[in-house]
Amino acid sequence: MDFSRNRYLAKLIGHRHNHLIKVITGMRRSGKSYLLFTLFYNYLKDKGVDDSHIIRVDLEDRRNKALRDPDALLEYIDSRMVDKDIFYILLDEVQLVHEFEDVLNSYLNIPNADVYVTGSNSKFLSKDVITEFRGRGDEIHVFPLSPAEIHEAMPELDWQQLWELYLHYGGLPLTVLANTEKEKAEYLKTLFKETYLKDIKERNKVKNDMEMEVLLNIISSSIGSLTNPQKLADTFVSTSKSKLSAVTIKQYLDYFTDAFLVAKAERYDIKGKKYISTPYKYYFSDIGLRNARLNFRQIEETHIMENVIYNELCLRGYSVDVGVVEIRERDDKGNSVRKQIEVDFVCNQGSQRYYIQSALALPSPEKVQQELRPLRNIPDSFKKIVIVKDNILIRRNEDGIVTMGLKQFLLDERSLEL
């Protein structure tokens, strides 16, 4: 079974010949190598590029061990570039080359060299990877499979089957392809322990890994909850009966985000048009890994749905924040008091903006009012949307607020525009 990954392939195609190094980043096992060595390679072949002008090197393959030497790799690539036509240089796991930055920068000023690289150790799991190429890199970030990508490849699954599988096991390609739920679960647990944790520990030279793992459990149990290092330090004491400073916790949180294991959503004051430094929220980049960390014990659909919506918005290229709206209301004594209410997501992309609420269900008029209240208090005319789990027809109320079903949101890329 093949996954098209058309979104990322289109980006690679669109970035050809731009005189920058195309750096494919993303979490481990999200499909970076398949994108470059299979999908992009096949595209080049279909466009008539001769094999002699596609220089592919899988540096993880032991047969290519000699090419992990930077000078040997340079010599090999140079020896393949025998004319003035464009040569496509595709390097997988390039971090295995010592001083790989110098190797890649050596081709920036060669007009007929078009360079594409992937990597999956600490350097390429870092969000600062582009700085390794002195501002001359072009990042293409690959996410795990979205529900729409799985639906395209596996149309035999009805929506309920697809959602249940995604809710539990997420979208890493090899998880999706595993035959049984037991195989999916075992793969995810092994991947978390043997790949992600090892990467983070080795890169950051973590000595007390037990502390870090306790913090991971806390984060996994509280996706979508407002938090900060001090709050987590207090939780750490009650959870593990030991102390961990807020400074150390912030350091560990940075390790997790640098590895693309989790993402941090900042809070944004909508009326004041400014960011609020703390607290903030963390979401897992793949919900299956989050569930595996907790041994599939806390499958809370409300929070997981919010996490999945966050990931989908990021995948579509939006900058996503947690919104805050300040209102005034009367307390029990009739006094006017200020109160902050939350909008789940403020999504920006260029001149576009959407305000989005995630609501598993709207079973009563009171629940409807609870979800609509923050949106009604936003003093601008950008589109406001509530996403519910039920498969419903899109509807608009008298305030212009849209309610749509999760299925339509996830499977129709144009859903926010409808």
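The values are calculated or read from the model by the stated rules, or taken from the named source; none is laboratory data. Since we're looking at a predicted model, the values are computed, not measured. Every residue, glycine as well, gets a Cβ built from its backbone with ideal geometry; the counts of neighbours run over all protein chains shown. Calculation scope for accessible area: heavy atoms of the full protein, side chains included, ligands and nucleic acids excluded. Shrake-Rupley method; radii C 1.70, N 1.55, O 1.52, S 1.80 Å.
Size of the dipole of the chain about the Cα centre, Lys and Arg at +1 and Asp and Glu at -1 on the beta carbon, nothing else charged, in debye to 20?
1280
Looking only at the chain, where both bridge partners belong to it, what percent of the DSSP beta bridges are antiparallel (to the nearest 5)?
Taking every DSSP beta bridge with both residues in the chain, the antiparallel ones total about 45 percent.
If I model a spin label as a point 7 Å beyond the Cα along the Cα-Cβ vector, how far apart are those points for ARG62 and LEU294 in nm?
Rounded to a tenth, the inter-label distance reads 4.1 nm.
Counting only protein chains, not ligands or nucleic acids, how are CYS314, CYS347 ordered by accessible area (probe 1.4 Å), most first?
CYS314, CYS347
Taking the alpha-carbon centroid of each part, what is the distance from segment 68-100 to segment 388-418 in angstrom?
Distance between centres, Cα-based: 48 Å.
Angle, helix 70-80 long axis vs. longest principal axis of the chain, Cα atoms, 0 to 90°, nearest 10?
Rounded to the nearest ten degrees, it is 70.
Using only the alpha-carbon atoms, how far is helix 246-258 inclined from the longest principal axis of the chain? Give it as 0 to 90 degrees, nearest 10.
Approximately 50 degrees, to the nearest ten.
For the residue pair ALA72 and SER242, what label-to-label distance in nm results when each label sits 7 Å from Cα along the Cα-to-beta-carbon direction?
In this crude spin-label approximation the distance works out to 4.3 nm.
Using only Cα atoms, tell me the angle between helix 209-221 and the longest principal axis of the chain; keep it within 0 to 90° and round to the nearest 10.
Orientation of helix 209-221: about 50 degrees from the principal axis.
Which FRET efficiency value, to the nearest 0.05, is calculated for ILE392 and ARG16 with the Förster distance at 30 angstrom and r the Cβ-Cβ distance?
For R0 = 30 Å, the calculated efficiency reads 0.10.
What fraction of the DSSP beta bridges in segment 291-418 is antiparallel, stated in percent and rounded to the nearest 5?
65
Name the residue farthest towards the positive end of the dipole of the chain from the options ASN105, VAL214, HIS17, assuming +1 on Cβ of Lys and Arg, -1 on Cβ of Asp and Glu, about the Cα centre.
VAL214
Compute the FRET efficiency between ASP254 and GLU194 as 1/(1 + (r/R0)^6), taking r as their Cβ-Cβ distance and R0 = 25 Å, and round to the nearest 0.05.
After rounding to 0.05, the efficiency reads 0.65.
How do the peptides 334-341, 156-163, 140-147 rank, highest first, by the average count of neighbouring beta carbon atoms within 10 Å per residue?
Most protected by this proxy first, the peptides run 140-147, 156-163, 334-341.
Which percent of the accessible area of the chain is formed by carbon and sulfur heavy atoms (probe 1.4 angstrom)?
47
Would you mind calculating the gained length between VAL337 and LEU174 on full extension (0.36 nm times residue separation, minus the Cα-Cα distance), in nm to one decimal?
Residue separation times 0.36 nm, minus the Cα-Cα distance, leaves 53.4 nm.
Report the Cα centroid-to-centroid distance between segment 299-375 and segment 210-273 in angstrom, as an integer.
If we compute the Cα centre of each part, the gap is 21 Å.
What relative contact order, as a whole-number percentage, does segment 277-368 give when Cα pairs under 8 Å and 6 or more residues apart are counted?
21
ASP234 to ASP51: FRET efficiency via 1/(1 + (r/R0)^6), r the Cβ-Cβ distance, R0 56 Å, to the nearest 0.05?
Once the sixth-power term is evaluated, E becomes 0.40.
Please work out the average accessible area per residue across the chain, using the 1.4 Å probe convention, and give it in Å².
Normalised by residue count, the accessible surface of the chain is 47 Å².
Add +1 for every Lys or Arg and -1 for every Asp or Glu among the other residues with Cβ under 12 Å from the Cβ of ASP61, and state the total.
So the surrounding residues net to +1.
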